[in-house]
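The structure under discussion appears below in the form of structure tokens.
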Amino acid sequence: MKTILALLLAICVLDSYGKGVIHEKEQKAQNLSIRSGELWLDDSGHHINAHGGGVMKYGDTYYWFGEHKSEYTSDALVGVMCYSSKDLVNWHNCGVALSVTEELGHDIERGCILERPKAIYNPVTKKFCMWFHLELKGRGYSAARYGVAVADRPEGPYKFLYSQRADAATWPLDFGDEERKLADTLNTAHYKDWSSAWIKAVGQGLFVKRDFGTGQMSRDMTLYVDDDGHAYHIFSSEENLTLHIAELTADYLHHSGRYVRVAPAGHNEAPAIFKHKGVYWMITSGCTGWDPNEARMFSSSSIWGPWKQHPNPCRGPKAEITFGGQSTFVLPVGDRYIFMADIWRPQHPIDARYIWLPIDFEDGKPVINWRDGWDITKLR
Ligand code: DGJ
């Protein structure tokens with residue numbers, strides 16, 4: 001019986017692997033090189049393992065960084081993977097860019113939660129800087145820190161520098177004397193969650209005050225480098241209720257202490273940002289764990305806000321659940337943009353899939369139309 005089961009399993013595995021290979025050939029024949037939701041094979045024939053990721057362009061090469069996921073757990077057993085490509089279709093596996101460590105009690109000890117890594121190049125220091133969401137091993141999602149690592153080469157190896165919460169003892173930029181005094185009086189014990197008084201108090205800085213001494217929570221995140229070279233860390237803070245946009249120091253390795261809050265009590269995760277014709281656009285998700293939900297979109301003419309919310313930009317089958325995915329990054333290519341998202345598979349994390357779709361514009365606003373397959377060479 002055991003032998004028959006093993007044989008059946010082997011046939012299924014071979015079959016699904018074969019399907020991946022056939023799809024790749026068909027894709028190339030039709031030149032519909034990007035097929036969201038399918039297996040995406042690297043140059044060694046394995047499904048790309050770079051989830052919650054982002055892409056950095058350096059020279060004429062794209063570097064895709066993402067979470068390595070294992071068969072049965074989303075905990076970090078390996079670290080951050082890096083893949084390189086010149087055409088965004090054929091990917092070379094560069095290996096582990098940032099490795100977790102065996103050292104007990106280390107911030108990035110094997111088994112920690114290390115999510116949504118993003119890397120950017122600093123032209124002043126000539127270093128590559130990686131930021132990621134870090135949860136300490138065995139503490140669930142309670143640590144809510146960001147981690148920073150640095151490398152001399154785009155693909156790494158990245159050296160871990162530190163992890164911490166954000167902006168301790170620092171008020172947001174738009175909090176003047178009056179706002180600070182008011183926030184100082186707020187206490188989470190005085191409110192019932194989701195009551196109108198609580199929602200108002202969240203806006204007034206209820207959680208900023210709660211975490212003022214220890215630092216603000218830092219979970220789902222992205223990085224953004226503006227045209228003027230200033231870089232920003234954008235992350236879910238305040239129990240995932242409010243996004244923070246924090247400016248980085250000139251070396252891109254620390255927060256400068258200047259930050260603003262976006263959509264207090266709006267419950268946004270998975271921020272992905274880009275700038276088009278002078279307007280900053282940010283696509284986010286709601287907070288439903290690994291389950292997909294409806295994408296949100298915000299715009300602002302300044303990184304510091306005010307940010308205005310727009311309707312869901314997705315169109316097509318499953319548009320109301322972001323086509324089954326969750327945003328992770330927007331990659332500019334020429335004068336176009338690629339929306340990147342993850343289709344999570346929490347029961348079999350290594351099999352999570354990718355959604356890459358071009359962003360169209362309707363009446364000046366971003367729209368993400370579903371496509372079964374599309375030709376990335378037509379973007380340029
Ligand atoms: C949603 C986040 O966007 C993911 O990165 C991950 O943290 C999951 N939640 C965990 O449930």
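Of note:
- Among residues of the range 342-353 that are within 11 Å of the ligand (Cβ to nearest atom), those with a Cβ under 9 angstrom from a residue that is in a loop (DSSP other than H, G, I, E, B) and basic (Lys, Arg), sequence gap 6+ or separate chain, pair up as Pro349/Lys69; Ala352/Lys69; Ala352/Arg345.
- Criterion (surrounded by fewer than 16 Cβ atoms within 10 Å (Cβ to Cβ) and touching a strand residue (DSSP E or B) at 6+ places or on another chain (Cβ under 6 Å)) met by exactly one of Lys318, Lys308: Lys308
- Checking each residue in the range 361-380 for being basic (Lys, Arg), surrounded by 14 or more Cβ atoms within 10 Å (Cβ to Cβ) and not in a strand (DSSP E or B) picks out only Arg371.
- Residue in the range 206-219 that is on the phi > 0 side of the Ramachandran plot, touching a Leu at 6+ places or on another chain (Cβ under 8 Å) and not in a helix (DSSP H, G or I) present: no
- Taking residues in the range 259-284 that are farther than 30 Å from Ala169 by Cβ, and partners anywhere that are in a loop (DSSP other than H, G, I, E, B) and not polar (S, T, N, Q), the pairs with Cβ atoms closer than 7 Å and at least 6 places apart or on different chains are Ile283/Ala295; Ile283/Pro313.
- All positions within the range 268-287 that are within 16 Å of the ligand (Cβ to nearest atom), farther than 14 Å from Lys308 by Cα and touching an Asp or Glu at 6+ places or on another chain (Cβ under 8 Å): Glu269, Ala270, Pro271, Ser285, Gly286, Cys287
- Residue match in the range 313-336 (condition: without any contact (Cβ under 8 Å) to a residue 12 or more places away in the chain and not acidic (Asp, Glu)): no
- In the set Leu161, Leu104, only one residue is assigned to a strand (DSSP E or B), modelled with pLDDT of 95 or more, surrounded by fewer than 17 Cβ atoms within 10 Å (Cβ to Cβ) and of a type in the set (A, V, I, L, M); that residue is Leu161.
- Residues of the range 185-208 classified as of a type in the set (Asp, Glu) and either over 11 Å from Ala265 (Cβ atoms) or surrounded by 17 or more Cβ atoms within 10 Å (Cβ to Cβ) (or both), total: 0
- Matching residues, the range 334-380, being over 22 Å from the mean Cα position of the chain (by Cα) and small (Gly, Ala, Ser): Gly364, Gly373
- Restricting the first member to the range 224-243 and to residues that are aliphatic (A, V, I, L, M) and part of a loop (DSSP other than H, G, I, E, B), and the second to residues that are within 14 Å of the ligand (Cβ to nearest atom) and at pLDDT 95 or above, the beta-carbon pairs closer than 7 Å and six or more apart or on different chains are Leu241/His267.
Here is a yes/no grid of residues against (1) more than 18 Å from the chain's Cα centre (by Cα); (2) touching a residue at least 40 places away in the same chain (Cβ under 8 Å):
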site	(1), (2)
Lys126	yes, no
Leu136	yes, no
Tyr141	no, yes
Gly156	yes, yes
Ala166	no, yes
Glu179	yes, no
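- Qualifying residue in the range 321-341 (condition: more than 15 Å from the ligand (Cβ to nearest atom), exposed (fewer than 14 other Cβ atoms within 10 Å of the Cβ) and more than 30 Å from Gly59 (Cα to Cα)): no
The values are calculated or read from the model by the stated rules, or taken from the named source; none is laboratory data. Computed from a predicted model, the values in this text were never measured in an experiment. Backbone-built Cβ (ideal geometry, glycine too); neighbour counts: all protein chains shown.
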